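K.L.:
Before I ask anything, here is the structure I am working with.
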Amino acid sequence: MNNPLAKLFERKKWKPEKATLQAFKQRFPYARNVEWTSGEVVDEVLFYYKKTEYLARYSKQGEYLLHKVNLHTVHLPAEIDMELKKLGEIMNVIKIFHKDESIQYEIIHRDEELIRFKSMVDQHGKILETSLL
């Protein structure tokens, strides 16, 4: 029987270029449940390691750009935690590791009126930008 919705929900299998795969396997040899997606400018890979979700980005030429890790809020460094708690409740934390070895945090938080914001914070706790969600 032909299902007309099958094409709508069909996932196309896609593999990145060999250079990208090699760079990924070298940096993350223990990755599990690996899922690649291709964008116009970068390729992204979602994977798990030790029950933690990661997302990594590579250029179309296979160059590592960054990776992100979902963290529990208790793993946020104390100085960043104290700074952001002044703005309200911390709801979600993503730690971002850049290819230049700098670290940033993407933090979702809400104020006392339950309005949600996203803040980008450097590794020293300096708020780089905040936007309304």
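The values are calculated or read from the model by the stated rules, or taken from the named source; none is laboratory data. What you are looking at is a predicted structure, and each value in this text was computed from that prediction instead of being measured. For neighbour counting, all protein chains shown are included, and Cβ atoms are generated from backbone atoms with ideal geometry for every residue, glycine included.
K.L.:
Taking Leu55 as the residue in question, decide whether it is in the same structural domain as Leu132 (by TED's automatic domain parsing) and under 24 Å from Leu133 (Cβ atoms).
P.N.:
Values: in the same structural domain as Leu132 (by TED's automatic domain parsing): no; under 24 Å from Leu133 (Cβ atoms): yes.
When the stated conditions are applied, Leu55 does not pass them.
K.L.:
Right, next: Glu10: surrounded by 10 or more Cβ atoms within 10 Å (Cβ to Cβ), of a type in the set (Asp, Glu) and modelled with pLDDT under 95, yes or no?
P.N.:
no
K.L.:
Follow-up. Which of the residues belonging to segment 49-90 are among the aliphatic types (A, V, I, L, M), exposed (fewer than 14 other Cβ atoms within 10 Å of the Cβ) and more than 25 Å from Asn33 (Cβ to Cβ)?
P.N.:
Within segment 49-90, Ala78, Met82 meet the criteria.
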